[in-house]
Structure formats: C-alpha cells, structure tokens
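Taking it in order: structure first as structure tokens, then the write-up.
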Amino acid sequence: PLDDPNSELFVRTIYFDYDSSEIRSDSAETVRHHGQYLATNPSVSVRLEGHADSRGTREYNLALGELRAKSVRQLMLLEGALDNQIEIISYGEERPAVAGEDEEAYQLNRRVEIVY
C-alpha cells in the first residue's frame, strides 16, 4: 500500500497553515491512515520530518517544525501506532521543498514529511 498511488498511504506530506502546528482538516484523514497502518504493522517505523517556511528566526522555525511533527505523531498514536515506531526530527527552514519567498513557496514549505 505504501507504493500504490491509489492508497491513502501514498500521500506522505502533511501541510500546515501559517504559524500553526494544528493538523488541517484536509490532512487529518491521511495522518489517521498512516497511524492505522503503523498499528497493524508493529515492525514498521517512520520518521516525521518537521519543516517551516523561511519567515521567523531559525530557532523559532526549528521549534515550529518540531511542534508540527509532534502533532502528527499524536494523531498517529491515537490511531494505535506505538511511540517507539515514530521518530521526530525538525529541520525548521533548513530544507525547503521549493525555493522562493512568495506565498506559494511558503505554503509548500510548511509541512511534515512522513518517511518510511
């Protein structure tokens, strides 16, 4: 299911609103599916990589990236995933998905990537 483009598990990027670590309603179901997948596959683990756009200080963006990853982890845990299956790392603004200083770039850089 991880490699099936028709599977909910194929989507592995969760986007966030500006200055927010709250999972958006359009992403919650995707996170739930990943949590359920982990719950039924206890030998599988993931790394949640938190990111922020380039606005804000380096320290603030690292903290925001971590909060975003923790939000995703919390929802996965509620779906039955185990804490030892989930690693969290924050890159803040250091690894942008796209270059640019406009709203489109900012939106694509505010994310958590689910890495199996």
(request) Provide, as a two-decimal number, the C-alpha radius of gyration of the chain over 2.2 N^0.38 Å, N being how many residues it has. (result) 1.02
(message) I need to check one value: relative contact order of the chain, counting alpha carbon pairs closer than 8 Å and at least 6 residues apart, in percent.
(response) 35 percent
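In nm, what is the difference between 0.36 nm times the number of residues separating Glu87 and Ala28 and their Cα-Cα distance? Spell out each step's value before the answer.
Working: separation 59, 0.36 × 59 = 21.24 nm, distance 1.90 nm.
That pair, Glu87 and Ala28, stretches by 19.3 nm at full extension.
Just how large is the dipole of the chain about the Cα centre, in debye to the nearest 20, putting +1 at every Lys and Arg Cβ and -1 at every Asp and Glu Cβ? Present the calculation step by step, with values, prior to reporting the outcome.
On the way: 12 positive and 22 negative charges, 72 e Å.
So the magnitude is around 340 debye.
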(message) Tell me the net charge near Ser27. Cut-off is 12 Å between Cβ atoms, Ser27 excluded, with +1 for each Lys or Arg and -1 for each Asp or Glu.
(response) +1
(message) Counting only protein heavy atoms and a 1.4 Å probe, tell me what percentage of the chain's accessible area is made up of carbon and sulfur.
(response) 47 percent
(request) Could you please state, rounded to a whole Å, how far the C-alpha centre of region 75-97 is from the C-alpha centre of region 1-71? (result) 6 Å
(request) Averaging sequence separations of C-alpha pairs under 8 Å and six or more residues apart, then dividing by the length of region 1-51, give the relative contact order as a whole percent. (result) 24 percent
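What is the local net charge at Arg12, summed over the other residues whose Cβ is closer than 12 Å to its Cβ (Lys, Arg +1; Asp, Glu -1)? Walk me through the numbers before you get to the answer.
Numbers: positive: Arg47, Arg111; negative: Asp3, Glu8, Glu49, Glu113.
Taking every Cβ under 12 Å from that of Arg12, the sum is -2.
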(request) Return the distance in nm (one decimal) between the two label points of a simple spin-label model at Ser7 and Ser54, each offset 7 Å from Cα along Cα→Cβ. (result) 3.6 nm
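The values are calculated or read from the model by the stated rules, or taken from the named source; none is laboratory data. The shown structure was predicted, so the numbers you read here are calculated from the model rather than taken from an experiment. Ideal geometry is used to build each Cβ from the backbone, glycine not excepted, and the neighbour counts take in all protein chains shown. For the accessible areas, the whole protein counts, side chains as well, though only heavy atoms, and no ligand, DNA or RNA atoms are used. Shrake-Rupley method; radii C 1.70, N 1.55, O 1.52, S 1.80 Å.
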